[in-house]
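Notes to accompany the following structure.
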Amino acid sequence: MEQTLVLVKFDGVARGLVGEITSRFEKTGLKIVAAKLTRVSQELAVKHYPADREEFLKGMGNKTLENYAQMGADPVEKLGTDSPLEIGKMIREWLIGYIQEGPVMAYVLEAPHSVELVRKLCGHTLPLIAPPGTIRGDFAFDSSFLANTAKRAIRNMMHASGTVEEAKYEIPLWFKKEEILKYRRTDEEVMVG
Ligand code: GDP
Ligand code: MG
């Protein structure tokens with residue numbers, strides 16, 4: 001069994017999509033083992049998006065640079081730098097703001113391959129290219145171009161741990177051990193034998 005951290009950010013909560021999104025996870029066989037609607041403190045936000053994850057920051061910076069090249073826009077003119085790390089740090093600040101806009105719905109979901117399964121159901125980071133049938137593809141349309149121009153994070157409603165390692169780091173930030181519950185779903189036997 002594998003556990004993953006999933007957040008419906010405030011854009012999803014404000015639009016009343018928590019039930020729809022939760023239902024998709026449940027129907028796929030993901031078991032809710034912890035859940036809460038919560039406001040995110042600055043302390044939690046900075047831990048959730050740690051400043052020392054250079055690879056993550058550079059990755060976001062490089063994605064932005066690619067996007068600017070495609071659009072024929074000059075990153076130095078728009079953002080004041082063309083360093084992937086510096087751009088990544090800027091996006092991290094936007095993300096810290098985004099996650100604190102309002103209450104977020106946080107869950108721990110459990111299933112075999114839960115990390116990969118949840119990522120598949122959420123769809124690509126960019127709603128514009130997330131396929132129909134995925135949460136981001138069905139309920140959002142944001143693009144890097146719109147987000148970077150407005151100097152804000154891409155509004156894709158969801159956070160889901162990207163790897164098992166990330167899930168192991170993130171889950172204890174959001175939930176105490178005793179908030180994560182063990183129980184059996186009646187369909188478990190049918191689904192996994
Ligand atoms: P995820 O795991 O699919 O959510 O994507 P990442 O971990 O790479 O990025 C975290 C979040 O940062 C994304 O969900 C977006 O909200 C935001 N983000 C990622 N890349 C960019 C970008 O190039 N520009 C902007 N504005 N936001 C980004
Ligand atoms: Mg991620």
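The values are calculated or read from the model by the stated rules, or taken from the named source; none is laboratory data. All values derive from a computational prediction rather than experimental measurement. Please note: Cβ atoms are built from the backbone with ideal geometry, for glycine as well, and neighbour counts cover all protein chains shown. Heavy atoms of the whole protein, side chains included, go into the accessibility calculation; ligands, DNA and RNA do not. Shrake-Rupley method; radii C 1.70, N 1.55, O 1.52, S 1.80 Å.
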Taking only segment 47-77 into account, find how many residues are of a type in the set (Val, Ile, Thr) and surrounded by 16 or more Cβ atoms within 10 Å (Cβ to Cβ). 1
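Counting only residues that are among the small types (Gly, Ala, Ser), more than 16 Å from ligand 2 (Cβ to nearest atom) and in contact with a Gly (Cβ under 9 Å, 6 or more places away or on another chain), how many does segment 101-124 have?
Filtering segment 101-124 for residues among the small types (Gly, Ala, Ser) gives 102, 106, 111, 114, 123.
Of the ones still in play, those that are also more than 16 Å from ligand 2 (Cβ to nearest atom) are 102, 111.
With the extra rule that they be in contact with a Gly (Cβ under 9 Å, 6 or more places away or on another chain), the set shrinks to 111.
Adding up the residues that qualify gives 1.
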Candidate set from segment 123-166 (those that are in a helix (DSSP H, G or I) and hydroxyl-bearing (Ser, Thr, Tyr)); member that is farthest from residue 19 (Cα to Cα): 149
(1) out of contact with any Phe, Trp or Tyr (no Cβ under 9 Å at 6 or more places or on another chain); (2) over 21 Å from residue 55 (Cα atoms) all hold for residue 90 apart from (2)
Could you tell me which of the residues 68, 98 is more than 16 Å from ligand 2 (Cβ to nearest atom) and among the aromatic types (Phe, Trp, Tyr)? 68
Subset of segment 78-89 [buried (at least 19 other Cβ atoms within 10 Å of the Cβ) and farther than 20 Å from residue 160 by Cβ]: 79, 84, 87
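Please find, within segment 167-192, the residue that is farthest from ligand 2 (Cβ to nearest atom) out of those that are of a type outside the set (A, V, I, L, M, F, W, C) and open to solvent by less than 40 Å² (accessible area, probe 1.4 Å). Explain how you work it out, then say what you get.
Here is the first cut: in segment 167-192, the ones of a type outside the set (A, V, I, L, M, F, W, C) are 168-170, 172, 176-179, 182-189.
Within this subset, residues satisfying the condition of being open to solvent by less than 40 Å² (accessible area, probe 1.4 Å) are 170, 188.
On the way: 170: 10, 188: 28 Å.
This residue is 188.
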Picking from 84, 50, the residue that is in contact (Cβ under 8 Å) with a residue 24 or more places away in the chain and not charged (D, E, K, R) would be 84
Suppose the filter is over 16 Å from the mean Cα position of the chain (by Cα), more than 23 Å from residue 186 (Cβ to Cβ) and of a type outside the set (Asp, Glu); does residue 31 pass it? no
